[in-house]
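To start, the structure under review is shown below, and the notes come after it.
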Amino acid sequence: MDLDDEIPTLVEHTNDRVPLTIICGFLGAGKSTLLKRILTEWHGYRIAVIMNEFGDTADIEAKTINVSSPDDPTAEASEEFLELANGCLCCSIKDVGIAAIEKLMQRKGAFDYILLETTGLADPGPIASMFWQNEEFSMGVGKDIVLDGVVCVVDACFGQKQMEEDTADDQVGESIRQIAGSDVILLNKIDLVEPTEAARVESTVRRINPAAPLHKTVRGQVDIGSIVNIEAYSTRPKFPVHHHDHSVDHDHHSEQNHYELRGISSVQVTCPALSQEKLDKLDAWIRSVLWENQLPEGTQSSDLQILRCKGLVVTDTGDQYVLQGVRSMYDMSRVEEEVVGVPEQGKLVFIGKGLDSVVRKSLEDVVN
């Protein structure tokens, strides 16, 4: 679309707090391509994109960027902020990001969403924790921001090799942590691999994180509504679990099981309506596993580590509770709003290391 064409109506966002989505993914997966697409295409969303360096967007067409001239007294500010013709705003991070976010929030009202790009080696867990339930941060600029979710871009070409290398010597690498801690996954460069290889990578990703929707993309082309305003950390009772289809990778079954033993895996459990007593026991189980890395029975394991947990719990009185957790931080909030069609049972998903059959049985004993 040329600049002379009619500018689309921008999507209005009425929440007082601006939703922030973290974009992660290993080096070369396609984060910059995704963000360049967002910064240049006419999608109708006013999004502030915080990137590590403007160098990643050096080839953005000049006509899409409104940059001050060197003689402009605001030129210094334009080195950090680029106002784009499609309604987006690009910001460059030159430190850990807090200063950039503080400056960005001075422009609150000029955008409806924030996308924060991490480096290819960054673990999204600590970053998500800072925006989610960090009281000190929330008292400052964080009071105007709400964590919307974590999106991970996975390379369909080299993702499988990267994940296998990241589990060498029983160490869990950053690419695995990125997938495990994400709420939406983009399997990118799907056009560059054979369908069997794509299915293999998808299978591995599903085993690491069965709770996240997965979108197959070419050059980061995805409906932007799939990555913004997803409310992954909301207390609203929406919790789809994407069950792994073992039929797509039966040829790699033994290999994948070996992979799980060395790296990250997940435990999914459905639970019936819980009494208050069982709800309290579940809460105690979660505290023990997240805070002490051990089961309530006292079985401690240096390998037990939770990276992400989420769930929906239903009580025998009809109440619903939404579980959200990142590392040792978690929250189980009662759904205050009126809900139509309360499900008969709940679902729990824990993603991390050391989630063996003993952990599964312990959790099932608590909720059944």
With r as the distance between the Cβ atoms of SER328 and SER357 and R0 = 25 Å, compute the FRET efficiency 1/(1 + (r/R0)^6) and round to 0.05. 0.60
Extension length gain for SER226 and GLU336 (0.36 nm per residue less Cα distance), in nm, is 37.0 nm
Run the simple label-point estimate for GLU41 and ALA284 please: 7 Å along Cα→C-beta, distance reported in nm. 5.1 nm
Between ALA85 and GLU297, what is the FRET efficiency for a Förster distance of 56 Å, r being their Cβ-Cβ separation, to the nearest 0.05? 0.40
Heavy-atom accessible area per residue of the stretch 264-367, all protein chains kept, 1.4 Å probe, expressed in Å², is 47 Å²
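The values are calculated or read from the model by the stated rules, or taken from the named source; none is laboratory data. Remember, it's a predicted structure, so these values are computed and weren't measured experimentally. Neighbour counts are summed over all protein chains in view; Cβ atoms, including those assigned to glycine, are modelled from backbone coordinates with ideal geometry. Calculation scope for accessible area: heavy atoms of the full protein, side chains included, ligands and nucleic acids excluded. Shrake-Rupley method; radii C 1.70, N 1.55, O 1.52, S 1.80 Å.
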